[in-house]
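One structure below.
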Amino acid sequence: MDRLIRVLHVVTNMNNGPAETFIMNIYRNIDRTKIQFDFLTCKLGAFDEEIENLGGRIYRIPTISSSGYGNYLRNLEQFFQMNKDYEIVHSHVGKVSGFVLMATEKAGIKGRIVHSHAAKSKGSIASKLYQLYAGNYIEKSATHYIASSTDTAKWLFKNKLDGTVILKNGIETDKFKYCPLKRAEIREELHIGKDSAVIGYMGRFNNRQNHSFLIDLFNEYSKIVPDCVLVFVGDGSLRLKVEEQFKNLNLEHKVRFLGIRPDIDLLLQACDLLVSPSMYESLPVTLIEAQAAGLPCLISDGITDEADIGLNLIKKAPANNKRVWLERMSEIVVKEKDRNVCASAFSKRGHDVKEIAQQIESFYFTVLENSFESKQLINV
């Protein structure tokens, strides 16, 4: 292939959620002299500036919530009618991908990829019903299927498992290698003492993440270990409510709300333990990153076993059993830890981003070849 191929990724926004982080990890490591990424989004994102610096274009249409379901579909169709030159569209918006791919098919775009990053629908009952309806069009319109795990594939396109490509969340392992100097620097920035027990949480502020349990848990933990700090990284609709609950418990001085941050690699250095009490989760990339930093993780039993790289850093606890969580938190944090890890473990488990970037590059060329062959058959 002697020309530059532009692949259009469809996402809600390019903040540092699991799907978006996966895309950016690939984008940074793919051969951009051969393949360039563009983005169709609905909102501003934390990665927007980097995308443009890497040569990507960003387009926007209004969100479903602001425009309504019917207008969202019309906006999609109008956009793709005006941008028919794309040969590959790669959709990452769950069941709503059905509408995205239907619009691309109407526009005559041959390469239509659906990518599943989650194992359940999000939002209100009305939103889930809409997503269910939209999801009916996925297998009618998609030409190729990618998933982060078998579970996510089963959720989004259960009838296409045989043809699905499994691409795990890949990371740049060298970037997360533990460094005591970086740990000291980031703790100083956050005004955290060198001997404080630092519990990290990284994710969205929504009901699925089980924040009420985490608030109660940290309240009890701070009584056992007074010199402790809880660091929140992320944003979402429930953030202000969570902040208020900590104030009501007089714990605001022990909590840091950092919002969306691009330096996850540094923040992981500052922590002694990463917690994820989520009620359910497919394969959070943050857990892979944490293990690359040699950071112990305590997670709920609602999170897939695929998150465990096999470095003895992942421990599980029942989603709402506070006693078990407190016991395991105390055990993990007090232990002296060697945070050097074997980088080859990530490659063996399919999490080396450089290898994944090469795989997806080859995959895109396969999509183009299939599209070319289909075009020839139509012309015949």
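The values are calculated or read from the model by the stated rules, or taken from the named source; none is laboratory data. Given the structure is predicted, the values throughout are model-derived calculations rather than measurements. Reconstructed Cβ throughout: ideal geometry from the backbone, glycine too, with neighbour counts over all protein chains shown. Keep in mind that these areas ignore ligands, DNA and RNA; they rest on the heavy atoms of the full protein, side chains included. Shrake-Rupley method; radii C 1.70, N 1.55, O 1.52, S 1.80 Å.
Per-structure values
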| quantity | calculated |
| --- | --- |
| The chain: relative contact order as a whole-number percent, Cα under 8 Å and 6+ apart | 16 percent |
| Which listed pairs, of Lys140/Lys168; Lys43/Lys194; Lys120/Lys316; Lys223/Lys315; Lys154/Lys315; Lys120/Lys241, have C-alpha distances above 28 Å, in listed order | Lys43/Lys194 |
| Coil-residue trypsin sites (Lys or Arg not before Pro) of the stretch 169-233, DSSP, other Cβ within 10 Å capped at 13 | Lys194 |
| Selected from Asp263, Asp48, Asp301 as most flexible by GNM, with the chain as the system and alpha-carbon contacts under 10 Å | Asp263 |
| Nearest 10 degrees, 0 to 90: helix 97-106 Cα axis against the chain principal axis | 20 degrees |
| Label point distance in nm, Arg3-Leu181, each placed 7 Å from Cα along Cα→Cβ | 4.8 nm |
| Where the stretch 233-282 is the region considered: accessible area per residue in Å², 1.4 Å probe | 43 Å² |
| Percent of C-alpha pairs per 5 Å bin, the stretch 1-131, short to long | 2, 10, 20, 24, 21, 14, 5, 2, 0, 0 |
| Packing-based order for 38-44, 267-273, using average beta carbon neighbours within 10 Å, highest first | 267-273, 38-44 |
| Between 0 and 90°, nearest 10: helix 180-189 axis offset from the chain longest Cα axis | 90 degrees |
| Carbon + sulfur, % of accessible area of the chain - ligands and nucleic acids excluded, 1.4 Å | 49 percent |
| Two-site FRET efficiency, Met82 against Glu244, from Cβ-Cβ distance with R₀ of 41 Å, rounded to 0.05 | 0.40 |
| R0 of 30 Å, Cβ-Cβ distance Arg28-Asn312: FRET efficiency to nearest 0.05 | 0.55 |
| Given charges at beta-carbon only (K, R positive; D, E negative), |dipole| of the stretch 141-249 in Debye | 380 debye |
| Simple label model, 7 Å out from Cα along Cβ direction - Leu190 to Arg74, nm | 4.7 nm |
| Spacing of the two label points (7 Å from each Cα toward its C-beta) at Asn370 and His253, in nm | 6.0 nm |
| Of Leu326, Leu167, Leu287, the one that fluctuates the most in a GNM where the chain has Cα springs shorter than 10 Å | Leu326 |
